[in-house]
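S.K.: Just dropping this structure here.
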Amino acid sequence: MVYGIVLTPASASDTPLTVGATTGRQRPRWWLEILFGLALFGVYLLGKTFPIADNTRRAMANGEGLLAVERALGLDFELSANLWLAEQGWLRVAANYEYAFTYIATTLVLLVWVLWRRPGEYRWVRNSFVVMNLVAVACFWVFPVAPPRMLPGAGFVDTVRLGGTWGSWGSPMVDGANQFAAMPSLHIGWALWVSVVLARLSGGRLVQLASAFHVAVTFAVIIVTGNHYWLDALGAVVVVWFAVASAGRPRRERLSAAELAALRVDTPGSPQHNGQLVLLGGEGKPPAPGDLVARIAGVLPTLPRLACRVATGPFARARWASHANPDWRWHVPGFDLAGHGERDGGIAALHRLVAELTAEPLPRDRPLWRVAVVTGLDTGITALVVLTHPALAGPREVATLVAALSGGHAPREAVADRLTAPKGVFTGIAQLAADRPDARGARARPPRFSAVGMSAATVRDLARAHGTEVATVLACAVAAAIRRTAPAPLPDAVRVSVPRQRAPGAVLIEVPLGDLPEAGRLARAATAEAVLFRRAVAAAWLVRLTWLIPGRWQGLALLRYGGWPSRHAGPYGFATVTDLTGLTDPAGTWYAGLAVKAVFPVVPRAPGAAVAIGLTSGGLSVTADPGAVDDVERFLKELRAVLDELRLD
């Protein structure tokens, strides 16, 4: 048997869940958005300052032409409505002020709200607004139209000048505005755009009804004040439709090549989960699933990916699509381990439950995450089992979710550049999974899980003392534990994929399994890892080139490009080892009156993997195939013994 180990870097981050993270980008800077708005207004002024020749005559002619079209259709009701309003006194003044301010106020409120509460959606919202206005400005320049109130001899009353309304189009305050900007109506355009955006963001029903009512009122106002023809409103509808359609679909972001590869690695026999086992203790009341549902619903605006599922089609590339109605009973189940069959309420029962949960694939018809609440432990501990698919979020982003649920702060490094998500975790796994020559005879077996406290500082000190990295130390410790616990015969070396912090890929080395001092085994592995570092950089650039490949084949291409250094013959098993020691330790923070006592990682096993090891700043966990590692407690004992021997050396 040939073993291989995959290690993933502490900086391997993962598909962003956090604010601005639907796209993996941070919240836009507010002052840059103000400058952007001023630049857009500058474009509007340019169109007015440099009109096409004979602009006034053309605007009058175009206005009369629109009115003639309406008359031919028998729908020229603007004049009678305008004359009625001119005699209404206070209602006329109210209509003028509605025309002057409400469309601006609602638009600004929406933009600020989206920027603050839905930053992951802000860019497409802002982009659609920009497109709408640029198209409208182009129409004003190419096709100037005078409003009805300016047509000589048409009989319309200028209600603004009649009532002396301050700040409205046609009043002295805005005399510098473009008076020939009737088609399309931006008053209707902005109001309708607000309503469309709210609908696409699934805003509250009452808010959407209020916005729709505002659109109807604005339409009535632009007609009765003599500022627009009803055809101008129709033109605005077309412009808003084009702007929203061209700006892209909200929350339907395409999956990256790395995310597609993560989905392809996922198999029924080896479900892929990134997660954490969080132990809570103290005098507070254990959280019920309903309490956790309320807390998760509260953080959804800042973790928008939790409300997305994978949407696929026969030809289109897979996208992240919003999932409006989560099945909370499935996403947040509760388990009481007090005296139920084999679950005797002990830590061993908790470990068995974690193994069972990680053996269940995450369905693709819903968001790829679960948070289980576990009570009834005889130690007085309450546990949260947080699981996500690596295509949705990696280890750092799981830490972000746990921090949000506990009321703490996410690690500063949690929001990653999109090019690294979730490449760090899956480059090494894909290298081995893609090269599996023959899976016949493999069958799914329930894994085994165990976790122990371990000082990550010890491993860091060992790596520093031996002039290597934490990942390399872990690789040697796991290889030695395999040698001491796996049945004979064993191969001469164990295959290891070691990540490097300066490269998003990983290098494949072989750690010897012979009878060597552990320090000598580590020295040989460190030398091999340094020699192969340049190969990792080259492989990483090959992975980046997969954007040139059609979407449906990108995931497979990533597996193949990632797998080229590891091609080998013969059947094999391997292990996955994840170094997460760079994460902020959340132990000591509080959740609903309970202290976070410990946090252990839950890391994915690649298809065919024998063992998955995860190390955080506070502990180490192992998920193992019982056919390869029958006694996980013994395996962890030997692994710790190896680290002790290295420390003594």
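S.K.: It is to be established whether one or more residues within the stretch 325-339 are under 23 Å from A294 (Cβ atoms), within 21 Å of the chain's Cα centre (by Cα) and modelled with pLDDT under 90.
M.R.: Within the stretch 325-339, one or more residues are under 23 Å from A294 (Cβ atoms), within 21 Å of the chain's Cα centre (by Cα) and modelled with pLDDT under 90.
Yes/no per residue for (1) in contact (Cβ under 8 Å) with a residue 60 or more places away in the chain; (2) within 24 Å of L134 (Cα to Cα); (3) over 48 Å from the mean Cα position of the chain (by Cα):
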residue: W31; (1), (2), (3): no, yes, no
residue: L46; (1), (2), (3): no, yes, no
residue: D54; (1), (2), (3): no, yes, yes
residue: A61; (1), (2), (3): no, yes, yes
residue: A72; (1), (2), (3): no, no, yes
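S.K.: Residue by residue through the stretch 252-289, note down the ones that are closer than 18 Å to V596 by Cβ and basic (K, R).
M.R.: The answer is K285, and nothing else.
S.K.: Answer with yes or no whether V293 is of a type in the set (V, I, T), over 15 Å from T388 (Cβ atoms) and either in a helix (DSSP H, G or I) or assigned by TED's automatic domain parsing to the domain that holds L377 (or both).
M.R.: Yes.
S.K.: Considering only helices (runs of 4 or more DSSP H) fully contained in the stretch 370-487, which possess at least 1 residues that are closer than 22 Å to A262 by Cβ and at pLDDT 80 or above?
M.R.: Numbers: elements: 395-406, 423-434, 456-465, 470-485.
Once the helices (runs of 4 or more DSSP H) in the stretch 370-487 are filtered for at least 1 residues that are closer than 22 Å to A262 by Cβ and at pLDDT 80 or above, what remains is 470-485.
S.K.: Here is a further query. Every residue in the stretch 99-156 that is among the β-branched types (V, I, T) and within 30 Å of A53 (Cα to Cα), please.
M.R.: V130, V131, V135, V137, V142, V145
S.K.: Across the stretch 354-404, which residue is surrounded by the most Cβ atoms within 10 Å (Cβ to Cβ) among those that are in contact with a strand residue (DSSP E or B) (Cβ under 8 Å, 6 or more places away or on another chain) and acidic (D, E)?
M.R.: Only one residue fits best here, namely E397.
S.K.: Still on this structure, I have one more. Taking the conditions exactly as written (at pLDDT below 85 and in the same structural domain as A100 (by TED's automatic domain parsing)), does S195 satisfy them or not?
M.R.: No: the conditions fail for S195.
S.K.: While we're looking at this one, here's another question. Would you point out the residue of the stretch 191-242, among those that are more than 30 Å from the chain's Cα centre (by Cα) and among the polar types (S, T, N, Q), that is nearest to E64 (Cα to Cα)?
M.R.: N227
S.K.: Could you grab me the full set of residues in the stretch 201-232 that are surrounded by fewer than 17 Cβ atoms within 10 Å (Cβ to Cβ), in contact (Cβ under 8 Å) with a residue 40 or more places away in the chain and farther than 26 Å from L151 by Cα?
M.R.: S202 - this is the single residue of the stretch 201-232 that is surrounded by fewer than 17 Cβ atoms within 10 Å (Cβ to Cβ), in contact (Cβ under 8 Å) with a residue 40 or more places away in the chain and farther than 26 Å from L151 by Cα.
S.K.: I'm checking my understanding of the structure. Among residues of the stretch 269-280 that are touching a strand residue (DSSP E or B) at 6+ places or on another chain (Cβ under 8 Å) and either modelled with pLDDT under 85 or assigned to a loop (DSSP other than H, G, I, E, B) (or both), which one is surrounded by the fewest Cβ atoms within 10 Å (Cβ to Cβ)?
M.R.: S270
S.K.: Take the stretch 598-649 and flag every residue that is small (G, A, S), touching a helix residue (DSSP H, G or I) at 6+ places or on another chain (Cβ under 9 Å) and part of a loop (DSSP other than H, G, I, E, B).
M.R.: A606, G608, S617, G618, A628
S.K.: May I ask you to say which residue of G20, G4, G42 is buried (at least 21 other Cβ atoms within 10 Å of the Cβ) and either under 22 Å from V603 (Cα atoms) or at pLDDT 80 or above (or both)?
M.R.: On the way: G20 fails: either under 22 Å from V603 (Cα atoms) or at pLDDT 80 or above (or both); G42 fails: buried (at least 21 other Cβ atoms within 10 Å of the Cβ).
Within the list G20, G4, G42, the selection yields G4.
S.K.: Give L85, L66, L75 a once-over and let me know the one that is buried (at least 17 other Cβ atoms within 10 Å of the Cβ) and over 21 Å from V160 (Cα atoms).
M.R.: Testing whether each residue is buried (at least 17 other Cβ atoms within 10 Å of the Cβ) and over 21 Å from V160 (Cα atoms) leaves just L66.
S.K.: Return the residues of the stretch 117-149 that are basic (K, R) and either within 27 Å of R305 (Cα to Cα) or assigned to a loop (DSSP other than H, G, I, E, B) (or both); say none if nothing qualifies.
M.R.: If the condition is that a residue be basic (K, R) and either within 27 Å of R305 (Cα to Cα) or assigned to a loop (DSSP other than H, G, I, E, B) (or both), then R117, R118, R123, R126 are the ones that fit.
S.K.: Hey, could you check the stretch 99-120 for residues that are at pLDDT below 90 and under 20 Å from P147 (Cα atoms) and say which is surrounded by the most Cβ atoms within 10 Å (Cβ to Cβ)?
M.R.: Applying the filter and picking the extreme gives Y99.
The values are calculated or read from the model by the stated rules, or taken from the named source; none is laboratory data. Predicted, not measured: the structure shown is a model, and the values here were computed from it. Methodologically, a virtual Cβ is constructed for each residue, glycine included, from the backbone with ideal geometry; neighbour enumeration extends over all protein chains shown.
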